[in-house]
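The values are calculated or read from the model by the stated rules, or taken from the named source; none is laboratory data. All figures in this text were calculated on a predicted structure; none of them were measured in a lab. Every residue, glycine among them, receives a Cβ derived from its backbone with ideal geometry; neighbour counts consider all protein chains shown.
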Amino acid sequence: MTREIPIGIDLGTTFSAVSYIDHAGHTLVIRNAEGEILTPSVVLFGENEVIVGKEARNAAAVQPDLVAQWVKRDMGSPFYTRPIHGQKLPPEVIQGCILRKLKLDIQRTLGRVDRVVVTVPAYFDEIRRKGTADAAEMAGLKILDIVNEPTAAALAFGETLGYLSPTGAPQKEMTIFAYDLGGGTFDATLLKLAPGDIRTLATDGDVMLGGHDWDLRLADFAADAFQKQHGLDPRKNPAAMNRTLAAAVEAKHTLSARVRASLRVEMAGRASEVQITREQLEEMTADLLERTSYTTRQLLAAAGLEWKDIDRLLLVGGSTRMPMVVNALRRMSGLEPDHTVNPDEAVARGAALYAGYLLAKESGDVRKAAFEITNVNSHSLGVEGIDPDTLRKKNFVLIPRNTSLPAKATERFSTKMEGQRSIVLRVLEGESTIPGECTAIGRTAIRDLPAGLIKGWPIDVTFEYGSNGRLSVHAVVPGTSHEAKLDLERDSGMTREGIEQWKRSVGEAAGFNSFESMLQDVLGINIPLAPSIENPEASPLRAPTDGRSAGATECSGPGVRAYDSAPLDDSPAEKLSPIPPCKPGASALRTFAAKPQSLAGAAPLWEEAEHIPVENTVEFAPEKPNGKPPSAGMSLSRVLFNAIGFAVFSAFGLALGYAILHYIMPDKFKWPW
Ligand code: ADP
Ligand code: MG
């Protein structure tokens, strides 16, 4: 039987790399068709051809509207920020094109492609992880798993130190800080390495910070100098700005090795040779570096650790080659940053090691799968409810971030109204207590509750988060046979149908024409994304009444959430109205005495209800029992009510203002009568 080759892909914002494990068990890095280890994550959409890599990157300066780069930053949004050929493309599709190129390079080197492990920043949320898996599928790759970049880097580090084998490793446990500053993202992770055991302690990061921000600052500096000299602004000309940006990258790299560099800016037949020193670069980007230091300090605090507890400071990502990064880390930590693993290759090598680990585990080869990996969740997971003190919607966290996986947590909530017939459960991912600032990742409902349930009836919500990053949510209504289950296995973003359709265009790589016809044929208005505010019709969020998995998710760009206004058909109109106070505790206990006959057998409720924490007395707004959308009449009456209210208060305000002016300046502001 042929051995399945463990393959790891580092799908980076700026560069991607591929590694595999050879027969001798060593990780090797694959060279692309251009003979290089790093493939620029840039896609050129020609009319009849899709080109990925160096050539595409070079084309960015000449044909910027045909080139897509920094796409990883847009994962989780419905579309890539810049239109290509004037058309909006989903980021997954562009990432799929990059992965297709990597697949071809793997095929060329190994003769075939087996299943792969793809890496993502630890800070990526469910939606972005799912998008990455979808992109791989569109490229025709089979995913073994997705692994966090710092975990992969730690694996590569562990390999060199012998930590991956429980017998050959040093006996000492080691706490490492992985500082990964790439082109587009910053990741900070604390890990514990013990023989045969790699454990993530905590992770934090910034998906909007990377070497590219340094490039932009430098390009801006050069553009200012050009404008001063020639009175023309290169920022107004995309092609000139792209060339300046490319020159800025070169100058930045030079400044990592030397103390001065120059960059050329050209536009409209004029040119400037702009001189820059390392000191100037460091000054103009000090705030960017400070952002990484801030996250670093936050992470240590979150883990309850100090620098003296850290054994190694691992540098990952190309931007850690900048002396300012190394110096700042040295100053801050008192440690000498570790260069043991190549910052460009560590993640891909670690991904291949992880693939090897998974394959060995699958085949029952205990000798090779002799290490364990423990991850943490990088975002808190909670449920939306109503804070009884403020009566405002709040994210009640069940599994806080940085909890070791697998994790399980149960909380008791309660119904909001007398005789409530259904319960809506919205699952949120994020740290904020304000639901609007979190990502709504799933939603389910329990319907047809028995009639006559008193207000404050308990509902037990259980979250189970597996080591594989799969969240399942289970809600039960004690004393009734009602329950709902929701599996949130990366089921947001694109639909299965959408992936299959895009797969053809990505697979053919026949040029933008095929993408365009795909956009017109299949998408039109009906973009094949899972339910979103723009596309509520496609909602698989409507939980089946039998309590099966609702596969529920909603998504849009990071931080943009407007769930309440989404015209989802099971969003009860009542959700938008003021929510009556709802404090069970003692008062709930009193009303329990009058509980309906049908629930008389639910004796333990008495006792359990007594323990309902007041702060968890939350919403679960009643739905319309038949799940129909709120009637138009209701929203019209609300609009009328608001309009009349507005008019009355405006008139009152005007009169009051006039009275005040009359009082202050009686001669100027006389009463009209
Ligand atoms: P990503 O993981 O985001 O793809 P990489 O880890 O490949 O990123 O790092 C790419 C970034 O590293 C780019 O911003 C690049 O300019 C920067 N970089 C690479 N080499 C150097 C260097 N010698 N000096 C400064 N920055 C560098
Ligand atoms: Mg990287």
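Here are a few things to note about the model shown:
- Where a residue in region 243-268 is hydroxyl-bearing (Ser, Thr, Tyr) and its partner, wherever it lies, is in a strand (DSSP E or B), with Cβ under 8 Å and at least six apart: Thr244/Leu263; Thr244/Val265; Thr254/Ala261; Ser262/Glu273; Ser262/Val274; Ser262/Gln275; Ser262/Ile276
- Enumeration of residues in region 207-223 that are away from ligand 2 (no atom under 16 Å from the Cβ) and either under 13 Å from Asn242 (Cβ atoms) or of a type in the set (Asp, Glu) (or both): Leu216, Ala219, Asp220, Ala222, Ala223
- Some residue of region 351-368 being closer than 18 Å to Thr160 by Cβ, more than 16 Å from ligand 2 (Cβ to nearest atom), surrounded by fewer than 21 Cβ atoms within 10 Å (Cβ to Cβ) and not assigned by TED's automatic domain parsing to the domain that holds Leu255: yes
- Unique residue being more than 16 Å from ligand 2 (Cβ to nearest atom) and under 24 Å from Ile5 (Cα atoms) when the list is Leu99, Leu141: Leu141
- Selection within region 155-183: residues that are modelled with pLDDT of 90 or more and among the small types (Gly, Ala, Ser). The member of this set that is farthest from Leu288 (Cα to Cα) is Ala156.
- Qualifying residue in region 90-99 (condition: in a loop (DSSP other than H, G, I, E, B), within 16 Å of ligand 1 (Cβ to nearest atom) and either surrounded by 21 or more Cβ atoms within 10 Å (Cβ to Cβ) or among the aliphatic types (A, V, I, L, M) (or both)): no
- Residue among Ala194, Ala225, Ala239 that alone is away from ligand 1 (no atom under 11 Å from the Cβ) and outside the structural domain of Gln275 (by TED's automatic domain parsing): Ala194
- Which numbered condition Ala202 misses (of (1) buried (at least 24 other Cβ atoms within 10 Å of the Cβ); (2) touching a helix residue (DSSP H, G or I) at 6+ places or on another chain (Cβ under 6 Å)): (1)
One line per residue, one yes/no per condition, for (1) closer than 23 Å to Ala154 by Cα; (2) buried (at least 21 other Cβ atoms within 10 Å of the Cβ); (3) in contact with a helix residue (DSSP H, G or I) (Cβ under 9 Å, 6 or more places away or on another chain):
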residue: Arg235; (1), (2), (3): no, no, yes
residue: Arg260; (1), (2), (3): no, no, yes
residue: Arg270; (1), (2), (3): no, no, yes
residue: Glu273; (1), (2), (3): no, no, no
residue: Thr277; (1), (2), (3): no, no, yes
residue: Gln280; (1), (2), (3): no, no, yes
residue: Leu299; (1), (2), (3): yes, yes, no
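- Ala246 falls short on exactly one of the conditions (1) small (Gly, Ala, Ser); (2) surrounded by fewer than 19 Cβ atoms within 10 Å (Cβ to Cβ); (3) modelled with pLDDT of 95 or more, and that condition is (3).
- Scan of region 379-410 for residues that are within 15 Å of Arg470 (Cβ to Cβ) and outside any strand (DSSP E or B), ordered by number: His379, Thr403, Leu405, Pro406
- Residue match in region 325-348 (condition: within 16 Å of ligand 2 (Cβ to nearest atom), without any contact (Cβ under 8 Å) to a residue 60 or more places away in the chain and in contact with a Ser or Thr (Cβ under 7 Å, 6 or more places away or on another chain)): yes
- Considering residues of region 355-365 that are assigned to a helix (DSSP H, G or I) and more than 16 Å from Ala24 (Cα to Cα) only, the residue nearest to ligand 1 (Cβ to nearest atom): Leu358
- Listed conditions (1) surrounded by fewer than 22 Cβ atoms within 10 Å (Cβ to Cβ); (2) within 16 Å of ligand 1 (Cβ to nearest atom); (3) assigned to a helix (DSSP H, G or I) are all met by Gln107, apart from (2).
- Residues located in region 1-20, provided they are away from ligand 1 (no atom under 15 Å from the Cβ), crowded, with 23+ Cβ neighbours inside 10 Å and farther than 28 Å from Leu89 by Cβ: Pro6, Tyr20
- In region 626-670, the qualifying residues are those that are among the charged types (D, E, K, R) and modelled with pLDDT under 75, and the one that is nearest to the chain's Cα centre (by Cα) is Lys628.
- Taken over region 21-39, residues that are outside any loop (DSSP other than H, G, I, E, B) and within 16 Å of ligand 1 (Cβ to nearest atom) amount to 2.
- Applying the criterion of at least 2 residues that are more than 29 Å from the chain's Cα centre (by Cα) to the strands (runs of 3 or more DSSP E) found wholly in region 420-487 leaves 458-465.
- Looking only at residues of region 5-20 that are assigned to a loop (DSSP other than H, G, I, E, B) and touching a strand residue (DSSP E or B) at 6+ places or on another chain (Cβ under 9 Å), we find that the one that is nearest to ligand 2 (Cβ to nearest atom) is Gly12.
- Any hit, region 80-87, residues being under 21 Å from the mean Cα position of the chain (by Cα) and within 16 Å of ligand 2 (Cβ to nearest atom): no
- Of all residues in region 435-451, those being modelled with pLDDT of 90 or more and surrounded by 15 or more Cβ atoms within 10 Å (Cβ to Cβ) number 3.
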